[in-house]
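A.B. asks: There's a structure below that I have some questions on.
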Amino acid sequence: MPEDFTFRVATGANIAEVFADAPKGVLSFLRRGFNLLATIAPEHYKNLIHIAGANLQSGHLDQQIQSELVSAMKITENEAVTLLATASLVVSVFTQRSDTPEGFVNAAEEVGVLDPASRPAVLAFSQGVLADRENLAVTVQRARLGVQVLPSFEGFSAATDVRLGFKEGRVDLAVPVVVALLRTDSSKNLWFQLTKEQLGKLIAQLQNAARDLEMAEQWIGRGGGGPV
């Protein structure tokens, strides 16, 4: 299963029917995910649930988040992708449907996607998701609202390069530049380069944007009344 996890949970069908109608590849993937979840210490559940909720709309695992999961949970990068995709499915079920944790794990067991040995962990994780369903629903809705109009940011990577100028067969000038890749959830990614001065301006603009965003969140938290 690639990093883009596209399986969607139907809201009307019985959860057992959802599992039964899923492609075999998805069921096999989820079985690995449930078994992996059973190896994760319960103290990591809360953070995993939060990450799954925040990333549910994009279906993409940010490289930084992937690294954090690998480090915190002592798993491989591929396991981090599997784990988050599985956690995202559980979050999707309990934020969009009215299933109980017991009904969910029973249905998963019936179709053979959940091994009996993994049942206690998946049940506990599902109960954790259900307990935080109200907050998760808000998180998912905010993520959905934030990506409705334009492509959304998914990642940024950069490297320093040196451009050389030649004169009469010899290096006459050397200029360092930053070569960067901006990734979005659309099919259009952007390669670009920046000089040191341009990079400084970009950093300042991003810092200003972060400040404005923080002020906007404070304003929203107060109910939108009065100046920030």
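A.B. asks: Surrounded by 17 or more Cβ atoms within 10 Å (Cβ to Cβ), modelled with pLDDT of 70 or more and not aliphatic (A, V, I, L, M): is that true of GLY53 in this structure?
C.D. replies: In short, yes.
A.B. asks: Assess whether SER118 counts as being at pLDDT 90 or above and polar (S, T, N, Q).
C.D. replies: Spelling it out, SER118 is indeed at pLDDT 90 or above and polar (S, T, N, Q).
A.B. asks: Now for a different question. Within the bounds of region 37-44, is there any residue that is in a helix (DSSP H, G or I) and either touching a residue at least 60 places away in the same chain (Cβ under 8 Å) or not assigned by TED's automatic domain parsing to the domain that holds THR139 (or both)?
C.D. replies: So far as region 37-44 goes, yes, one or more of its residues are in a helix (DSSP H, G or I) and either touching a residue at least 60 places away in the same chain (Cβ under 8 Å) or not assigned by TED's automatic domain parsing to the domain that holds THR139 (or both).
A.B. asks: Kindly provide the set of residues from region 78-126 that are closer than 16 Å to ASN55 by Cβ and among the hydroxyl-bearing types (Ser, Thr, Tyr), ordered by number.
C.D. replies: Across region 78-126, the qualifying residues are THR82, THR86, SER88, SER92, THR95.
A.B. asks: Give me a count of the residues in region 78-124 that are surrounded by fewer than 18 Cβ atoms within 10 Å (Cβ to Cβ), of a type in the set (Gly, Ala, Ser) and in contact with a helix residue (DSSP H, G or I) (Cβ under 7 Å, 6 or more places away or on another chain).
C.D. replies: Total meeting the criteria: 2.
A.B. asks: Inside region 168-205, can you point out the residues that are more than 16 Å from PHE156 (Cβ to Cβ) and in a loop (DSSP other than H, G, I, E, B)?
C.D. replies: Within region 168-205, GLU168, GLY169, SER187, THR195 meet the criteria.
The values are calculated or read from the model by the stated rules, or taken from the named source; none is laboratory data. Model, not experiment: these values are computed from the prediction. Here the Cβ is made from the backbone with ideal geometry for all residues, glycine too, and neighbour counts use every protein chain on show.
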